[in-house]
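The values are calculated or read from the model by the stated rules, or taken from the named source; none is laboratory data. For clarity, every value in this text was computed on a predicted model and none was experimentally measured. Quick reminder, even Gly has a Cβ in these numbers, built from the backbone with ideal geometry, and neighbours come from all protein chains shown. Please note that ligands, DNA and RNA were not included when accessible areas were found on the heavy atoms of the full protein model with its side chains. Shrake-Rupley method; radii C 1.70, N 1.55, O 1.52, S 1.80 Å.
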Amino acid sequence: GIRRILKENVNGHTIYKNSKQSRGGCQRSFDPDLVFDDGSFVGDVKYKLQDDRWNDVDLYQIVTFASAFNASKALIVGFREGGSLPWDWMQVGEEVQISRVCWDCTNEPKDAADQLSLEVKQWLEVTH
């Protein structure tokens, strides 16, 4: 899947799956699809087509994952037909920057994987 592709193509960064548990009386597990390096960045893959508008449920979930991991950056990885979205990002509060990148479903799989990997690598290295 996407995590394996990124692990193979995004050099210089560790990409893995991990979870964090809530504390207190109500026990919940927070399981983003992607945890980067030391956990200061997280990501989640949405296996559906994206459009120019952010999906509220996806946004709330990635903000929750970022909070659980104390991550300063979080990424939504989606899918799009006909090219990638312009690099989309927003600041949520003082602590979390949320970005979104997409796999281009109209490209050959190898080309789409290379493009997505490049965009994720740039995201990991850029600070807004």
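Okay, here's what the table says:
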| read-out | value |
| --- | --- |
| Solvent-accessible area per residue for the chain (1.4 angstrom probe, square angstrom) | 56 Å² |
| The chain: antiparallel DSSP beta bridges as a percent of all, rounded to 5 | 45 percent |
| Net charge over other residues, Cβ less than 15 angstrom from the Cβ of residue 78 (K, R count +1; D, E count -1) | -4 |
| Highest-fluctuation residue, 93, 82, 39 considered, GNM on the chain with Cα pairs under 10 Å | 93 |
| Convex hull per residue volume in Å³, alpha carbons only, for the chain | 106 Å³ |
| Fraction of accessible area attributable to carbon and sulfur, the range 5-81 (%, probe 1.4 Å) | 46 percent |
| Unit charges at the beta carbon, dipole of the chain: most positive-side option, 35, 62, 19 | 19 |
| Highest to lowest packing among 40-53, 111-124, scored as the average C-beta count within 10 Å | 111-124, 40-53 |
| Under the Karplus curve 6.51 cos²θ - 1.76 cosθ + 1.60, θ = phi - 60°, whole-Hz ³J(HN,Hα) for the range 16-26, x wherever Gly or Pro sits | 8, 10, 8, 9, 10, 9, 6, 10, x, x, 9 |
| Cα Rg, Dmax, the range 23-95, angstrom units | 13.2, 47 |
| DSSP H segments from the chain that extend 18 Å or more along their own axis, Cα-based, with Kyte-Doolittle mean of 0.0 or above | 56-69 |
| FRET efficiency estimate (nearest 0.05) - Cβ-Cβ, residue 40 to residue 110, R0 41 angstrom | 0.85 |
| Other-chain or far-sequence residues with amide H under 5 Å of residue 78's (modelled H) | 46, 101, 102, 103 |
| Förster-model FRET efficiency, 22 Å R0, residue 122 and residue 95, C-beta, rounded to 0.05 | 0.55 |
| For the range 53-128, alpha-carbon Rg over 2.2 N^0.38 Å | 1.13 |
| Nearest-10 value in Å² for the accessible area of residue 3, using the 1.4 Å probe | 80 Å² |
